[in-house]
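The values are calculated or read from the model by the stated rules, or taken from the named source; none is laboratory data. These numbers come from a predicted model, not from an experiment. Neighbour counts run over all protein chains shown; Cβ positions are idealised from the backbone, glycine included. When the accessible area is computed, the model is the full protein with side chains, heavy atoms only, and any ligands, DNA or RNA have been set aside. Shrake-Rupley method; radii C 1.70, N 1.55, O 1.52, S 1.80 Å.
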Amino acid sequence: MTTQQTPLIDGSAASRQERWAWAGYDFANSAFTTIIVTVAYSVYFTRVVAPDHGDAWWGRGYAASMLLAGVLSPVLGAVADATASKRRLLIAMTVICVVPTALLGLVGPGDLAWGLGLFIVANVGYNAALHLYDAFLKELTTADTIGRLSGWGWAFGYIGGLASLALVYPFLAGGMDGEHAARYRLAFPLTAAFFLVMALPTFLWLKERAVPVPFSRSPVTEGVRRVMDTLRRLGRYRTLVRYFVAYFIYNDAVNTVFVFAAIFATQVLQFTPQDLVIFFLIMQLSSAAGAWGVGPVTDRLGAVRAISATLLVMIGVTVWAARVQTDAEFYAIGLVTGAMLGANQASSRALLAHFAPAGRGAEFFGLFSLTSKFAATLGPLLYGEIAAATGSHRAAVLSIGALFLIGLILLQRVDEVEGRREAANA
């Protein structure tokens, strides 16, 4: 069966309302990464649920969830492209994230398997939804403004993280010890409710412009076939493959920052829940500014240059973090880190949108997800094991800097103009 060509979709036809609705999903889903992955549940799990070797178990659970999401995403994306069902599957994956997130409110001390299992399912749903959402980007804008729209989405995401943090802060402020634990756990179902409610405009207003491709197999079989066909023809996308390799490394470092930032602050600088909230307020605001500001830079100078600049700065930041001594220094680190990672993520998404062939966006974002999810297993595992073996988070944080450096070197082999040409000729 030959691969059917999908007609180009004119992104300029999308309405302003639809573009805002698309960006609104970033606003909604950031509640999960902010509250569950970064600020509250990760710390609760390592301090209350599994106080013995919690860091290592958290790293393993996070790695397992990313592996599962990585294997699922390309096939799910190919099914979405073939059946023109990106929107329906986006809703389904969101529900798969939201339900176990709400159930985290029932996790108590010693519930290691239950607490980690629920998180793994929720994180798989969250990450599987991401590439379906990202695949709409090229359908909603033009090649000259992809960076701006991607940046707006990321910026709204960080603002959404702040809004969700403001919502649950009264439940986190008293800490998680003793009689305060039950109140602290209420933050988790509230996070789930925030995600679901704020995603409703996306579900209602985002349009499915793709046209189903005729096929005789089951959707899953067709999805697997399309992925295998793409993998056999990866030689046609040499620039994309080079980018995947570089992204594999540097995004691993990005993920590790988000997974272990709160744990580092808690165990190295003895941050309280209130201190963590201040830190992430600073980080979220600077991330929103970085994502918003990098859009025009990406569209004008190119995504590769924008990404390279952020990686160079982050190498220096990790060395600084390894030597940090005061709370004020760590707040400053959060300010710089937020701006750089916000810009990095917005530019990375825009670059892949340029490299993805028309009509196969969900599949290629799925392969991108596969790359990032497999990558996300290395950094957290490496960090967690180094911290466990040495008893030092300062030593572990230097591994993040090494990943940023390797990713920067590999990124210099990516020719953005050639990558666009390969996508256009696919």
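As an exercise: evaluate Val37 against (1) farther than 28 Å from Gly151 by Cα; (2) modelled with pLDDT of 85 or more; (3) not charged (D, E, K, R) and give the number of the one condition it does not meet.
(1) is the only condition that Val37 fails.
Condition test on Ser348, is it surrounded by 24 or more Cβ atoms within 10 Å (Cβ to Cβ), assigned to a helix (DSSP H, G or I), out of contact with any Ser or Thr (no Cβ under 8 Å at 6 or more places or on another chain) and modelled with pLDDT of 85 or more?
yes
Determine, yes or no, whether Ala92 is farther than 26 Å from Gln284 by Cα and modelled with pLDDT of 90 or more.
Judged against the criteria, Ala92 is a match.
Before we move on, is Asp26 under 17 Å from the mean Cα position of the chain (by Cα) and charged (D, E, K, R)?
yes
Looking at segment 190-205, can you tell me whether even one residue there is more than 29 Å from Gly59 (Cα to Cα) and either small (Gly, Ala, Ser) or open to solvent by less than 30 Å² (accessible area, probe 1.4 Å) (or both)?
There is at least one residue in segment 190-205 that is more than 29 Å from Gly59 (Cα to Cα) and either small (Gly, Ala, Ser) or open to solvent by less than 30 Å² (accessible area, probe 1.4 Å) (or both).
Which residues, taken from segment 134-157, are modelled with pLDDT under 85 and under 17 Å from Ile282 (Cα atoms)?
Once the filter is applied, which keeps residues that are modelled with pLDDT under 85 and under 17 Å from Ile282 (Cα atoms), segment 134-157 yields only Trp154.
Residues of segment 381-426 being assigned to a loop (DSSP other than H, G, I, E, B), open to solvent by less than 80 Å² (accessible area, probe 1.4 Å) and modelled with pLDDT under 90, which ones?
Across segment 381-426, the qualifying residues are Gly391, Ser392, Ala426.
Per-residue answers, yes or no, for (1) open to solvent by 30 Å² or more (accessible area, probe 1.4 Å); (2) β-branched (Val, Ile, Thr); (3) in contact with a strand residue (DSSP E or B) (Cβ under 6 Å, 6 or more places away or on another chain); (4) touching a residue at least 60 places away in the same chain (Cβ under 8 Å):
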| position | (1), (2), (3), (4) |
| --- | --- |
| Asp229 | no, no, no, yes |
| Arg236 | yes, no, no, yes |
| Asp252 | no, no, no, yes |
| Gln267 | yes, no, no, yes |
| Gln270 | yes, no, no, no |
| Leu276 | no, no, no, yes |
| Gln284 | no, no, no, yes |
| Trp292 | yes, no, no, yes |
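For Gln270, indicate whether it is of a type in the set (S, T, N, Q), modelled with pLDDT under 90 and in a helix (DSSP H, G or I).
No.
I'd like the residue in segment 302-327 that is of a type in the set (D, E, K, R) and in contact (Cβ under 8 Å) with a residue 24 or more places away in the chain and, out of all such residues, is most open to solvent (accessible area, probe 1.4 Å).
Arg323
Could you list, in sequence order, the residues of segment 286-308 that are among the hydroxyl-bearing types (Ser, Thr, Tyr) and touching a Ser or Thr at 6+ places or on another chain (Cβ under 9 Å)?
Across segment 286-308, the qualifying residues are Ser286, Ser287, Thr298.
Select, from Arg236, Arg217, the only residue that is part of a helix (DSSP H, G or I) and charged (D, E, K, R).
When all the criteria are applied, what remains is Arg236.
Which of the residues belonging to segment 63-89 are surrounded by 23 or more Cβ atoms within 10 Å (Cβ to Cβ), within 16 Å of the chain's Cα centre (by Cα) and modelled with pLDDT of 85 or more?
Within segment 63-89, Ser65, Ala69 qualify.
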